[in-house]
1. Can you give me the number of residues within segment 56-65 that are surrounded by 14 or more Cβ atoms within 10 Å (Cβ to Cβ) and either within 16 Å of the ligand (Cβ to nearest atom) or of a type in the set (D, E, K, R) (or both)?
2. From the set of residues in segment 232-250 that are closer than 14 Å to His186 by Cβ, without any contact (Cβ under 8 Å) to a residue 60 or more places away in the chain and part of a helix (DSSP H, G or I), which is farthest from the ligand (Cβ to nearest atom)?
3. Go through (1) touching a residue at least 40 places away in the same chain (Cβ under 8 Å); (2) over 21 Å from Pro357 (Cα atoms) and name the single condition His99 misses.
4. Cβ-Cβ under 7 Å, sequence separation 6+ or interchain: first residue in segment 76-92 and modelled with pLDDT of 95 or more, partner within 16 Å of the ligand (Cβ to nearest atom) and among the hydroxyl-bearing types (Ser, Thr, Tyr). Which pairs?
5. Scan segment 222-231 and give yes if some residue there is in contact with a helix residue (DSSP H, G or I) (Cβ under 8 Å, 6 or more places away or on another chain) and surrounded by fewer than 17 Cβ atoms within 10 Å (Cβ to Cβ), otherwise no.
6. Let me confirm something: among Pro86, Pro34, which residue is within 16 Å of the ligand (Cβ to nearest atom) and assigned to a loop (DSSP other than H, G, I, E, B)?
7. So which of Asp262, Asp294, Asp301, Asp319 is among the acidic types (Asp, Glu) and over 28 Å from Leu145 (Cα atoms)?
8. Scan (1) over 26 Å from Arg295 (Cα atoms); (2) within 16 Å of the ligand (Cβ to nearest atom) for the single condition Ala128 breaks and write down its number.
Amino acid sequence: MTFSHSNLRRFSCALLASVVVSSAQTISIEEFEPKSTLRVSEHLLTRAKFPFIDVHNHQRDVTPGKLDQLIRDMDALNMGILINSPVGGGSGKWVADAHTAMKARDARRFAVMTNIDYTNLEDPGYPARAAAQVEADIKAGAIGLKVWKHLGMLLFDSKGRVPVDDPRFDAVWEVCAKYKIPVLIHTADPWGLFQPMDKYNERWLELKLRAGRNQSNQHQFTWEQLINEQHNLFARHPNTLFINAHLGWLGHDLGKLGELLDRLPNVNVEIGAVTSEIGRQPRASHRFFVKYQDRILFGKDAYNVAEYGVYFRLLETDDDYFDPIRKYHGIWKLYGLALPDEVLKKVYYKNALRLFPGLSSEGFPE
Ligand SMILES: [Zn+2]
């Protein structure tokens, strides 16, 4: 085929136009931010309807200035009590110091948890020593034990990976049972982060933006294995109270989570970082919250004052189609559950007051 000069120019203009059109038609997921045309009532809450207890909160800095700022934040949010836990590596001196500092600022509004000390795990005396440390921390003021996903995913000894239900920690769980100290435990991560990063993966964007969270290329463990180990741990220690953080990463399968709660009365759940799971299934979530209203606690985990409003909106309102906290937790909108007051009160504070010994009920309504 031959082109005349003008034909060639027409051809290249058409080619250029098609490039412009096709690039406009291939924006990335990150760029896709459609402005909703939906006009429905909105309730942008900045304060909870009832005072609440945040059972999953990490504040490493407990200096007086920081605690003053926290009290101001808490007053604005209507957070009655902040339960501060070290993510990992906080036991002994850290717990005693944090307890002293926080209680000095406001004995009623703050409480602390401790961690398991994993050092020298292979010593024959380890189980007794770890349990004694937790017991000492309880006596120094810790009201709970926080276990991070480190256990199961990152903790290794000379024989390999240390499973979540490793018997070397049995004495620790029994100390917690003895003192009725709840164990707030975070095991594994969302299921999608363990699956191939392909177009079918709901966590595709998170895998793109947070490549370090990709567990699909390692062969040490599967998601199912970690979750089974955790459930086995719960079953083996029926006298220990567990709070399974992040809905035990079963927010996408509330039926299965309900079966766990039905089977094991020592297990409770916490809702930190799973608003996108709860808010995409408002009817199923509402049924779940009503059915398990005595087993669900409020926790936020990542501390960000502005983000609490999404939790309040999710639990309290019947708002439709509102923005999630993180787009990479799921590329969809949220819907409020409009929970009845009696359920809200349990999730916000009544369950925490019941589970945690030593919290003051002062300031919380009947
Ligand atoms: Zn946490």
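1. Final tally of qualifying residues: 4.
2. By that ranking, first place goes to Phe234.
3. (2)
4. Short answer, once both residue conditions are applied: Leu77/Tyr308.
5. yes
6. Only one candidate passes the filter, namely Pro86.
7. Within the list Asp262, Asp294, Asp301, Asp319, the selection yields Asp319.
8. (2)
The values are calculated or read from the model by the stated rules, or taken from the named source; none is laboratory data. Please read all numbers here as calculations on a predicted model, not as lab measurements. Methodologically, a virtual Cβ is constructed for each residue, glycine included, from the backbone with ideal geometry; neighbour enumeration extends over all protein chains shown.
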